[in-house]
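One structure is given here, and the rest of the page talks about it.
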Amino acid sequence: MITINEHYLKLQASYLFSDIARRVAAFQEAHPDRQVIRLGIGDVTRALPGACIDALHRAVDEMAVDATFRGYGPEQGYAFLREAIARHDFQARGAEVDPDEIFISDGAKCDTGNIQELFATDCRIAIPDPVYPVYLDTNVMAGRTGEFADGRYQGIVYLDSTRDNSYVPDLPKEKVDLIYLCFPNNPTGSTITREQLQAWVDYAREHRALILFDAAYESFIRDDSLPHSIFEMKGAREVAIEFRSFSKSAGFTGTRCAYTVVPRECTAYTRQGGKQQVHSLWNRRHCTKFNGVSYPVQRAAEAVYSAEGQVQTRELTDYYMGNAALIAQAVQELGFHFVGGRNAPYIWISSERDSWQFFDQLLNEAGVVCTPGAGFGRCGQGYIRLSAFNSRENVVQAMERIRRALT
Ligand code: MLT
């Protein structure tokens with residue numbers, strides 16, 4: 001008899017964004033004449049930067065000729081891309097990261113979901129609430145939690161991010177082994193200061209814990225005092241892994257390219273307390289289960305670091321941040337408490353009522369799709385998230401429709 005992994009049965013209904021997509025599709029079917037504006041899932045809408053398109057074309061032409069054709073590439077990614085990333089994203093900011101510590105992949109979602117495989121099933125996990133659902137769901141699938149009760153999985157140490165702590169969780173009171181952090185934050189759009197992030201690194205060093213730092217939104221940071229990478233912090237190389245993505249910084253959600261940084265010093269332990277290099281384990285996993293991102297896509301990602309690529313990607317993120325500013329201004333004028341939108345493309349709004357009810361109201365009365373905060377965890381109840389990843393015209397129209405619906 002084939003039996004299933006029963007941990008899957010603990011998962012809540014369906015993945016948040018699939019659930020929302022279903023509800024929006026049902027609404028569209030019932031109201032085919034209504035034009036819906038999507039400020040829900042953080043999916044980009046602007047074309048790829050010209051530098052990336054040119055690089056894609058060139059790489060496709062290379063693939064068309066035997067002499068320059070490429071088959072399997074290195075699983076970890078081509079040196080040209082890893083070197084460009086190390087130089088521009090880390091060394092230029094004073095963070096020590098070598099090219100061979102960078103693993104190119106097809107998405108930060110996959111990497112943040114897969115990384116937990118390396119760690120024991122009984123390690124104590126700290127996960128923020130609200131949170132990007134992938135961190136939690138993948139640990140449920142792996143059997144690191146008990147049942148779901150009162151809006152939470154048993155066995156997880158939840159790190160509440162609320163108005164009281166300005167949406168930056170406090171250090172856990174108890175000892176934990178694996179810590180998920182995301183800054184600029186999805187879903188709240190909040191940011192972490194250098195001092196706060198250093199305190200997390202110091203905690204991890206003291207407790208021999210490991211921090212999984214999701215920096216997928218770092219290109220939206222506009223405040224120069226904020227850290228872009230956890231590796232800007234003293235002592236982080238032994239206790240942190242960082243996830244980055246070209247999805248939001250260069251419009252690659254449909255093109256797929258991301259990377260994970262695992263420093264050679266990053267350490268986990270055997271049950272007997274022996275030191276184990278995490279880099280070699282991730283390398284082993286990556287080579288076994290992944291065959292690399294396609295050559296043209298890696299060339300397109302490399303073009304992000306060219307002179308024109310840098311200008312074009314900045315224009316792209318500036319455009320979305322212009323949308324974020326418009327959303328924030330409209331929400332402020334409506335009198336809601338909110339956070340985010342200054343160094344992140346998300347605006348986290350206190351809806352002052354059940355988040356799914358507010359989601360329904362905005363969909364039915366304004367034809368605008370948001371993401372209900374409750375979908376990100378118990379602390380998200382009473383909030384909604386608006387995303388800035390749409391056209392300027394649609395954002396202006398969406399906020400006008402929301403204004404009319406609510407006043
Ligand atoms: C989100 O809307 O939270 C993100 O777009 C989801 C993702 O990046 O997978």
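For the reader, a short list of remarks on this structure follows.
- Segment Ala47-Thr162, length gained on full extension (0.36 nm per residue, minus Cα span): 37.9 nm
- Within the listed set Phe213, Phe183, Phe148, the residue fluctuating most in the Gaussian network model of the chain (springs between alpha-carbon atoms under 10 angstrom) is Phe148.
- Candidate aspartates and glutamates for bridging to Lys289, where Cα separation is under 13 Å - those fewer than 8 sequence places away on the same chain excluded: Glu75, Asp106, Asp111, Glu117
- Residue with peak Gaussian network fluctuation, the chain [Cα springs, cutoff 10 Å], from Gly292, Gly273, Gly146: Gly273
- When a 1.4 Å probe is rolled over the protein heavy atoms, the share of accessible surface on the chain that falls to carbon and sulfur comes to 49 percent.
- Simple label model, 7 Å out from Cα along Cβ direction - Ala25 to Ala307, nm: 4.8 nm
- Put simply, when 242-248, 366-372 are sorted by average Cβ atoms within 10 angstrom per residue, most first, you get 242-248, 366-372.
- Note on the chain: GNM, Cα springs under 10 Å; of Glu62, Glu265, Glu218, the largest mean-square fluctuation is that of Glu62.
- In a fully extended conformation the segment linking Arg314 and Asp360 would gain 13.1 nm over its present Cα-Cα distance, using 0.36 nm per residue.
- Distances between placed amide hydrogens fall under 5 Å for Ile37 paired with Val368, Val369, all partners being 5 or more residues away or on another chain.
- FRET E, pair Lys10, Val36, Förster distance 30 Å, beta-carbon r, rounded to 0.05: 0.35
- Taking all protein chains into account, the per residue accessible area for the chain stands at 43 Å² (1.4 Å probe).
- Spatially, the stretch 323-362 and the stretch 106-131 are offset by 28 Å when compared through their Cα centroids.
- Full extension of the chain between Ala64 and Glu83 yields a length gain of 4.3 nm, computed as 0.36 nm times the residue separation minus the alpha carbon distance.
- Residues with amide H under 5 Å from that of Gly107, placed H, sequence gap 5 or more: Ala258
The values are calculated or read from the model by the stated rules, or taken from the named source; none is laboratory data. Computed from a predicted model, the values in this text were never measured in an experiment. Don't worry about glycine lacking a Cβ; one is built from the backbone with ideal geometry, like all the others, and counts go over all protein chains shown. Heads up: the accessible areas ignore ligands, DNA and RNA and are worked out on the full protein's heavy atoms, side chains in. Shrake-Rupley method; radii C 1.70, N 1.55, O 1.52, S 1.80 Å.
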